[in-house]
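Below you'll find the structure, written out as structure tokens, and then a few comments.
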Amino acid sequence: MPLTPVLSAHWDEADSYTIDGYRRHGGYDALAIAFAKQPDDVIGLVKDSGLRGRGGAGFPTGMKWGFVPQGDGKPHYLVVNADESEPGACKDVPLMLANPHSLVEGVIIASYAIRAHHAFIYIRGEVPHAIRRVAAAVREAYAAGFLGSNIKDSGFDLEVVVHAGAGAYICGEETALLDSLEGFRGQPRLKPPFPAVAGLYASPTVVNNVETIASVPSIVTNGADWYTSYGSEKSPGVKLFAVSGHVERPGIFEAPMGTTMRELLGWAGGMRKGHRLKFWVPGGSSVPLLTEEHLDVPYTYEDIAAAGSMLGTGTPMVFDETTSVTRAVTRWLEFYKHESCGKCTPCREGTYWLVDLLRRLESGSGSHSDITRINEVSAQIMGRSFCALGDAAATPFPGAIKYFADEIALGTHTAAADLFDPVAATVFAGVNV
Amino acid sequence: MAISETTRAQMREVLVDYPRKRSALMPLLHLAQADEGYISQDSIVVVSEMVELTEAEVTAVSSFYTMYLKRESGRVRVGVCINSLCAVLGGDEIWDSLVDHCGVGNNQTTDDGAVTLERIECQAACTHAPVMTANWEFLDDMTVEKAKQVVDDLRAGQAVQSTRGPVVRTFADAGRTIAGVDDGLTAEGEIRDDRMLAGLRLAQANGDAGRSAEAERQGAVNVKGR
Amino acid sequence: MTMTTASTTGDVLEPRPDLVTVTIDGVETAVPKGTLIIRAAEQLGVAVPRFCDHPLLDPVANCRMCLIEVEGMPKPQPACAVTCSDGMVVKTQMTSPVADEAQRSVMEFLLINHPLDCPICDKGGECPLQNQAMTNGQGDTRFDGPKRTFPKPINLSAQVLLDRERCVSCARCTRFAEQIAGDPFIELLERGSQQQVGIAEDVPFNSYYSGNTIQICPVGALTSAMYRFRSRPFDLVSTPTACEHCASGCSLRTDSRRNAVMRRLASVDPEVNEEWNCDKGRFAFRYLESDVRLTTPMVRVDGELRPASWDEALVTAAAGLKAAAGKAGIITGGRLMVEDAYAYSVFARRALGTNDIDFRPQGSSAEEEQFLASRVAGAGLGPTYADLEKAPTVLLVAFEPEDESPIVLLRLRKAAKTGTQILSVAPAASRGLAKTNGTWIPAAPGAEPTVIAGLDENTVTALSQPGSVILVGQRAAVTAGLLSAVGRLADRTGAALGWVPRRAGDRGAVEAGVLPSLLPGGRPVADAAARVDTAAIWGVPEVPEAPGRDIPAMLAAIEGRELSALVVGGVRLDDLPADAEAALRATEFLVVLDTHAHGLVELANVVFPVAAAPEKAGTFINWEGRQRPSSQALRTNLMSDARVLAALAGELGVVGLDGDLARLRAQLGEFSGWEGVRVGSPDVAAATGEPGPGLLLATWRPLLEATVLQEGEPYLAATARGREVWLSAPESAALGATEGQLITVTSASGSVTAPLVVAETAEGTVVVTGDAHRVLGQSGERVQIAVEGQG
Ligand SMILES: Cc1cc2nc3c(=O)[nH]c(=O)nc-3n(C[C@H](O)[C@H](O)[C@H](O)COP(=O)(O)O)c2cc1C
Ligand code: SF4
Ligand code: FES
């Protein structure tokens, strides 16, 4: 499989983040194509492209746009989910640093399609440089007449606000994000109604991931056929894969859907010298881990699901044999406990309990019944929590024990740090310390 | 301290961006925190009046988000990512060594008031692990030695260049940037590193390069996937 | 089995478009579209366990206790948030292992951090968590780690305390505060497992409705300072009572132990208070145990009041009243139950032979009396709370519901949420009005009649929509021409007109004929047929025909020696106009019936102690005209006013006056449905406002202030709203004063210093809130203002 840099094609240019750098390669040309179409035809085009949400759930984007009731007399909103906080996910922030105008152009086209005149880009607060660059891109777009009223004589008006979060993973969940954007605690809302019907200010709202929206201009320019020529029927197109962990050359690789982990691993220079793969997590900590036997599974929504995990954010984390799976899982659970919004009982109390149990295992003071209990408590959370954060928290341990039951059982007598020297796992092992 | 007139003016500017006042609550809190160093009682009063909420409603929001602080921190908040990937790749060692080196724990400030250490969650920079931040600017690919050096430099009042971002600024300035105030630093920072460009360079080397929308349209390369 | 809602034809149930059919645990039922599964299950007698669910709060589905199985849905669903759809098949914990297991799981999660301190918890014995844990057979958790702890407890207000470790984060309390009370002063703070209810640092939960949160908390997290640790549910005897504090008419549950009231709760009464009440009604009952409760009769001998036997007191009182034959009148307050009010009404006419009787010690007028006679007395039920909820438009006149009838405010908020437009002719845009999203129609004190006469076309059109309501407060009486103008507006628009008095007994007194011109049931004294009718019911040849005197006239008559004796029931000296004391001192013979010893008792010749509301059965009539029956919650030797009056009548040789509650009620019932002549509407001209120095004072009585019925309640008193001076922005600027600065307001009767609030006020008006009325007097007075510290 070849690499297919589209969004990342010009990241090596010093001014890739500026409007000039973007326009040099045809940036904002998609706007004219879109404006020449009826909004519904733009939705149709995105439907035909088969683009699926890159925020994790993979919901078909064109279909989502099509849910927005038209002619309802209410304002419509587009909200870009740039909260990227999922452990392991690191694609949207690089994209915003290097190519923010693709996002802005996508925002304009998407807003035009759903007939929104106000769009918000909700960026997690901890990434000021990404905030700077997106805000600057928005300012440049205003100055160039791509935003504001009657954009390029299309008769279409659009205001874009860049909004920063303040440190809460849950605000990546789309309804929590909307509450946060409305100035509330970022806690998820009851669904239905879905945002497409009653979202921001109870008006029809589309929430899409950064990468999803940024993919739109190239689809508009090149057509649905171009996009569907990549990937599988159910998972068309190209995607930013971000490979991290114990590999020789971690980094961002833009490639077609359907690329395998073996290919990604190859591009990343393989496992670091002298080590072998232990497990990898295909799309953020919220999806079950996979092992060596899954290296040839194509990166499509359907194939990864068939292998027992999920594509998620498509940002594999790779761990070698120096890693204690108990330690990794415990840390993820500490994350979910820290980030549980507190609204619902299973997630709030369940993560509290799981952390207590997992810490025992990590410290070598667990018992066999603790292990059973972790599985049970995970099952007690799964499917009962208010939003998918609870489900996510219930995922790592059952995923891990499927492949590493023996290792986990060692936590009944030996601390993880004694089983796996933490220093050996560091990238600077043997270099300094 | 109190919320300055300049900040109040910035707050009023932010307010007009939003269809509803309450939506401006978070940027307003960022601005207030820039002035006060944390979410003070004064901040809550001022912000609650601006967005027409009760002080309890504002407190409910400010206490929900980890970036809004309950107490003042040092000049620079130094974060060490301790989520699984960074932790395993060295974040835990870095953290331990910094705690040792600074003699303070999580959310504590060195006695010179320079640095507050903080355990932070995944920063969307895993390709650059282990990751640290200084007033939220990236410090990528850290080692124990580099981490100590950063802290020493910060304590000595020396400029610290972030990776993929500008020279580390004051906590207050960072807060204003996050709230949306243009700081003129967009062009700062080199982002074209091995990690960011890993795929692109390989593509270029393999002749896969240029498969951008524009290039394809120009027929420069005509290789379809699959 | 098929359960159906009654079909009018009695035939096979026709599928109606607004009904959907669901099957719950194998039982099919039809419910209106939009019905939540949890409610539909309730109707079938299936109780799905729940914590966050409350029928009057918007669903949140955060506790996850009510998870049930819905066929075709992959995950268990919260019954409290999912509405029934046609053909839905639901299985609750009764029939679904999935639901049962999900519920057990959630219960176990709730118990991991909940302390097992039921034996010392106030809620122990009536705790939904405890009960559901028991019935579910999930009384414990396998969690064996360290529980989350909090330093305990914290004060949310002087009255409401929170033990955070007991909280289950159901958010009932915070949702109540925001959605129902409109006082979002408590909120969920922090997040995750640290999430907790709390307040802003310096702003306590001083909501008039705060006590409701304690009642709806499904665990013992919220407690009241006054009840905390005082009693256990199983020690309590519960009695259904009606609230004696105001004319809202809340139905309450009074819980007593060893014949002392321990606490009071709001009862469920969908037509009136739904499930809520105000803090005054909930917490103010210690007055029953006051040091100055009257327990024995007293008689003045040689200038000294001393305890006396009932016989002696009755004989002495009878002798005094006999001596004053034809020159004795009656003053009652507005706090009497209707049966007692009726007894005074009968006593006046039959024992004293006079129409000199009035229940309005404060700010009454002849215009008001005519208004009451023409529009209120005998008018029956309505407008009602339900009418408010349905009304397209509600206009408030001289009425601040939050202070003066707090449950009306709650219903107006509910109405506003579904589109009712609330308008208020008032001297200022109050916070209560803002809570109803209302529109303020400015009117300086005294100018209301003119403003009402000149309402713009839009407002008149809005009020002309069928179902619109005008609510006028009791204070309207002090503004000449206002009640006349309101009556005309109602006639012109067809809007229903409701009179909202302040006190629980006011409407009952009107119905009972405790007015100089009115006999019971709205019968005009001046009308011969009404007198004949009344005489027939009483079985007497005739009732007095001579027009009676109202209170000011009675007081004047005393000073003019035309009256020499008064019987006063349930009136405090500070209820009366300031100059009343002199007249009362001049009264030759004063008989006082009261629960407490206070200023008036010192002037009395004979004092009869009477039972307070919780110590007797009886009925209040609320502002709607609805009967609010109240049972006797406490045993006592004291008699009701009616019984004392009956005994006194007997002593006076008047036969047939009855103190028996059942017979009083029956007789009162005979007065309903008067179809004869009615007094016409008042037609009083508005006073032309004379320009004068200073500003016009606007004020009203706050819900909470130091009164006899609120005595002994320091925690409640500590939540009262302080005095504030409201001035418009231009007026503040003219004064050179800024928000928060101290302003002194001086009237003829005194002066008050309080912080400035820059508010929307009518031109030339200063509003002084809190209990400032006690010092400054009534609305409409001219006052001077000065900034503290300015020369
Ligand atoms: C706990 C949680 C965190 C999430 N975080 C993110 C995120 O950071 N960014 C994102 O785009 N989607 C995130 N999602 C998914 C969003 O809810 C939503 O599905 C997505 O933004 C839709 O955009 P898409 O259709 O373009 O993928 C998260 C979901 C959950 C449950
Ligand atoms: S205090 Fe009670 S009502 Fe409030 S959230 Fe906690 S458990 Fe619920
Ligand atoms: S009662 Fe349904 S989730 Fe709480």
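The values are calculated or read from the model by the stated rules, or taken from the named source; none is laboratory data. Computed from a predicted model, the values in this text were never measured in an experiment. Cβ: placed from backbone, ideal geometry, glycine included. Neighbour counts: every protein chain shown. Note: areas computed on protein heavy atoms with side chains; ligands, DNA, RNA excluded. Shrake-Rupley method; radii C 1.70, N 1.55, O 1.52, S 1.80 Å.
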Looking at the structure I just gave you, is A:P195 over 24 Å from A:P87 (Cβ atoms) and under 19 Å from the mean Cα position of the chain (by Cα)? yes
Exactly one condition in (1) within 13 Å of chain A (Cβ to nearest Cβ); (2) surrounded by fewer than 24 Cβ atoms within 10 Å (Cβ to Cβ); (3) in contact with a Ser or Thr (Cβ under 7 Å, 6 or more places away or on another chain) is false for C:Q194; which is it? (3)
C:D183 meets each of (1) of a type in the set (D, E, K, R); (2) open to solvent by less than 10 Å² (accessible area, probe 1.4 Å); (3) more than 14 Å from every other protein chain (Cβ to nearest Cβ) with one exception, condition (3)
If you check C:I441, C:I422, which single one turns out to be open to solvent by 10 Å² or more (accessible area, probe 1.4 Å) and either on the phi > 0 side of the Ramachandran plot or of a type outside the set (S, T, Y) (or both)? C:I441
Of the residues in segment A:1-34 that are open to solvent by less than 40 Å² (accessible area, probe 1.4 Å) and within 19 Å of A:I151 (Cβ to Cβ), the one that is nearest to the other protein chains (Cβ to nearest Cβ) is A:G26
Find all pairs meeting these conditions: Cβ atoms under 6 angstrom apart; at least six residues apart or on different chains; first residue within segment C:144-159 and assigned by TED's automatic domain parsing to the domain that holds C:Q710; second residue exposed (fewer than 15 other Cβ atoms within 10 Å of the Cβ). none
Report yes if C:Q778 is open to solvent by 10 Å² or more (accessible area, probe 1.4 Å) and assigned to a loop (DSSP other than H, G, I, E, B), otherwise no. yes
Which of the numbered conditions does C:Q138 fail, given that it passes all the others? Conditions: (1) assigned to a loop (DSSP other than H, G, I, E, B); (2) surrounded by fewer than 15 Cβ atoms within 10 Å (Cβ to Cβ); (3) modelled with pLDDT under 95. (2)
Any idea which residue in segment A:174-222 is farthest from A:L45 (Cα to Cα), counting only those that are touching a Cys at 6+ places or on another chain (Cβ under 7 Å) and more than 9 Å from every other protein chain (Cβ to nearest Cβ)? A:P188
Can you tell me which of A:T395, A:T323 is touching a helix residue (DSSP H, G or I) at 6+ places or on another chain (Cβ under 6 Å) and either of a type outside the set (F, W, Y) or surrounded by fewer than 20 Cβ atoms within 10 Å (Cβ to Cβ) (or both)? A:T323
Answer with yes or no whether A:P60 is more than 16 Å from ligand 2 (Cβ to nearest atom), within 23 Å of A:G231 (Cβ to Cβ) and modelled with pLDDT under 95. no
When you scan segment A:267-286, how many residues do you find that are open to solvent by less than 10 Å² (accessible area, probe 1.4 Å) and not in a strand (DSSP E or B)? 3
Single match in A:I151, A:I131, A:I170 (criterion: open to solvent by less than 10 Å² (accessible area, probe 1.4 Å), more than 14 Å from chain B (Cβ to nearest Cβ) and aliphatic (A, V, I, L, M)): A:I151
Among the residues of segment C:631-656 satisfying the criterion of being in contact with a Pro (Cβ under 9 Å, 6 or more places away or on another chain) and surrounded by 24 or more Cβ atoms within 10 Å (Cβ to Cβ), which is nearest to C:G618 (Cα to Cα)? C:A633
Is it fair to say C:C80 is surrounded by 24 or more Cβ atoms within 10 Å (Cβ to Cβ) and within 13 Å of ligand 3 (Cβ to nearest atom)? yes
Please indicate, with yes or no, whether at least one residue in segment C:112-131 is within 12 Å of another protein chain (Cβ to nearest Cβ), farther than 30 Å from C:T21 by Cα, open to solvent by 10 Å² or more (accessible area, probe 1.4 Å) and outside any helix (DSSP H, G or I). yes
Please enumerate the residues belonging to segment A:234-259 that are touching an Asp or Glu at 6+ places or on another chain (Cβ under 9 Å) and open to solvent by 20 Å² or more (accessible area, probe 1.4 Å). A:K234, A:R249
Per the filter on segment C:168-193, residues away from ligand 3 (no atom under 15 Å from the Cβ) and of a type in the set (S, T, N, Q) are C:Q179, C:S193
Could you give me the residue pairs with C-beta distances under 7 Å whose first residue belongs to segment C:451-472 and is free of Cβ contacts under 8 Å to residues at least 40 places away in the same chain, whose second residue is outside any strand (DSSP E or B) and of a type in the set (S, T, N, Q) wherever it lies, and which are 6+ apart or on separate chains? C:V460/C:T493; C:S464/C:T493
How do the helices (runs of 4 or more DSSP H) wholly within segment A:327-433 filter down when requiring 3 or more residues that are under 29 Å from C:A171 (Cβ atoms) and among the hydroxyl-bearing types (S, T, Y): which remain? A:345-362
Which of (1) open to solvent by less than 10 Å² (accessible area, probe 1.4 Å); (2) touching a Phe, Trp or Tyr at 6+ places or on another chain (Cβ under 9 Å); (3) over 30 Å from A:A166 (Cβ atoms) is the odd one out, the single condition C:A200 does not satisfy? (3)
Picking from A:E254, A:E293, A:E302, which residue would you name as being acidic (D, E), more than 11 Å from every other protein chain (Cβ to nearest Cβ), touching a residue at least 40 places away in the same chain (Cβ under 8 Å) and farther than 21 Å from A:W332 by Cβ? A:E302
Among the candidates C:K75, C:K33, which residue alone is open to solvent by 40 Å² or more (accessible area, probe 1.4 Å), at the interface with another protein chain (Cβ under 9 Å from one of its Cβ atoms) and either within 16 Å of ligand 1 (Cβ to nearest atom) or over 22 Å from A:P188 (Cα atoms) (or both)? C:K75
Filter result for the condition that a residue is over 14 Å from B:S162 (Cα atoms), at pLDDT 95 or above and either open to solvent by less than 10 Å² (accessible area, probe 1.4 Å) or within 10 Å of another protein chain (Cβ to nearest Cβ) (or both), over B:V131, B:V104, B:V88: B:V88
Across segment A:35-56, which residue is surrounded by the most Cβ atoms within 10 Å (Cβ to Cβ) among those that are in contact (Cβ under 8 Å) with a residue 40 or more places away in the chain and part of a loop (DSSP other than H, G, I, E, B)? A:R54
Which members of segment C:688-733 meet the condition of being buried (at least 20 other Cβ atoms within 10 Å of the Cβ), touching a residue at least 40 places away in the same chain (Cβ under 8 Å) and more than 26 Å from the chain's Cα centre (by Cα)? C:L695, C:L696, C:L727
Give me the residue from segment A:106-123 that is open to solvent by less than 10 Å² (accessible area, probe 1.4 Å) and touching an Asp or Glu at 6+ places or on another chain (Cβ under 9 Å) and, out of that set, farthest from A:K152 (Cα to Cα). A:I123
Across segment C:21-75, which residue is nearest to ligand 3 (Cβ to nearest atom) among those that are assigned to a loop (DSSP other than H, G, I, E, B) and polar (S, T, N, Q)? C:N62
